[in-house]
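Right, one structure below, let's go through it.
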Amino acid sequence: LLLKLLLLLLLQVPGNVAAAQAQTQADLVVVACGNDTALVARPVDVSSSSTSSTSTSSSGILLPVRPVLDVQGCSHTAARLHRLATFGAGACMAMAADDVRCLPSFLIIGAMKGGTAELQLWLAQHPSLVRWNSRQLQMTGTGEPHLFDTWPHSTARARALFPPPPSTPQEHTADDLGESLSNSVKRRNADALQKESQPQTQHTTAEMETLLSALVKTYLTDAFRLPPSRSSNANTNTNTNIKNSFSSAHTLYTFEKTPAYLSMSPWRIRMAHQLLHGAKLVATLRWPAAQVYSHFQHQCINRRLFRNTADNSIHLVIWACRPDTDTGADTDTDATMRPPNTHCAPRSARLEERRAAVLRDLQRNNNNTNLTLDNIVLLNFPCSPADFHQLLTDENTLPPPQPQQPHDTPVMPVPVREAGELLRKAAFARHLRNWLAVFPRRDLLVVFQEEMHGAAGMMQVVDRIQAFLGLPHFDYAPLLAKTSSGTATILGGFSKSSTQPYEPMHPRTEASLNAHFAHDLRQLADLLGYDRVAAAWPKLKSLVLPPPANRANPPDPLPGQPQEQ
């Protein structure tokens, strides 16, 4: 084995994906169905392999030992699926000899309208990556599982199982920012085997195991099934239960993107960490005012915006009202927790059902029985800039914001409503801090949608993500193509950048939104580094003052972010 590893290292050719994949094959450890003894009797020896994997190269590094929970021929209850959560991100479950499904090794968590679909399309072409539902959606960036932001439907007890940390949580350190995906998984596998034999909290153990088993069963649908191995020389495991069809688990990672994850409530983030501890996170941010306007047009094209002709007001229908705000409400239908122009309807609701939801809320809240469905009119795409700023404000027109200098504590100059599905989702600093309260800083990479413009920019972002994940380098240049609008995309793929354009928002609307988000932008600059954010968003300099040059304790940089000067 040592001679084989040495030979692989000597034959490694930077930039050659096939050679890199051969180098990064993982050994599989099979956990037999319902057999706890087998789990303990098969310790994962990471002491020798971790030493050989500490040095990285542009072609990637040796992959870790990977656990596979074998549930062939046994019920989900007997298999105790919650044990998969013990291993965390990247662990696999064998449903049959030709059906292996793996928990995602990384998540694209948002932001919505921040280029996540384009990023998913590009990353799905990497030979070592398998996206969610790859068999149907491989050549499109669309498709999202929406697990952690929607499951379970009854949230009261689930929230109690994932309580907040102590009042003084331990700060995550960034002592090994260069750690790769494989090192992280290796350490986690070793910790998991040690943690399996330790006693757990008594009163919630059974409930937690039941919930995690249901979570695994819900998550690992056929959409996370690994395809046949893309490597011609896959490793052969000595265990007789492992067939050649399992060989793809040696080299392939799964991932998914759900932009709603970024802004979901903290207890849901803790639930995600319970199942996917050790996962890498990729967040794509967009200038908040531009993100909010794009999100508004997204709601418009999906037929969720309506006008009440009785008073000319604009109303938004969202497909579910979940208790994912700071209010902590336990009911999904509590209208008092929503702004007056936001309404709820099931995701599958037809147009008439959405109109009825708006009418029902208006009649109840305004005690106006004279309104009828004829008063509720759909706004057709593209929606106008005037409709946008009317939705955001209490007045029909926006007064211009007061002239002001860059500041640290802004005051909103116009009465902007806290529209939960628009403004709340663009408070990026708050959302990232919620994630960093649970996941280590080293496991989060932040990129900006503005950096993805053009072929060169997109390739730089994707290369940074490859390095962050510790994956074999893949050259995307042969796959480049252009959309009808001239933007770069993947050959044969569907890009949202080619969809119908819409008018830009009014300058005074943008100025008011910029002032509204200035405080969150200040926090984001503190979190990521002022120079890093200002390089992607030059408008930051007109809203937020740079930090003092002699700041005593600058923030630790996130992976892929240069140290603040």
Seminar exercise, completed: With all protein chains in place and a 1.4 Å probe, Glu144 shows an accessible area in Å² (nearest 10) of 60 Å²
Exercise. Under 5 Å between amide H atoms, partner at least 5 residues away or on a different chain: which partners does Val130 have, H built in plane at 1.01 Å?
Worked result: Tyr253, Thr254, Phe255
Exercise. To the nearest 10 square angstrom, what accessible area does Asp475 show with a 1.4 Å probe?
Worked result: 80 Å²
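Sorted by packing (mean other beta-carbon atoms within 10 Å per residue), highest first, where do 153-164, 80-91 land? If you can, show how the numbers build up before the last one.
Working: 153-164: 13.6, 80-91: 24.2.
Going by the mean number of other Cβ atoms within 10 Å, highest first, we get 80-91, 153-164.
The values are calculated or read from the model by the stated rules, or taken from the named source; none is laboratory data. Computed from a predicted structure; not experimentally measured. Here the Cβ is made from the backbone with ideal geometry for all residues, glycine too, and neighbour counts use every protein chain on show. Areas reflect the complete protein model, heavy atoms only, side chains present, ligands, DNA and RNA absent. Shrake-Rupley method; radii C 1.70, N 1.55, O 1.52, S 1.80 Å.
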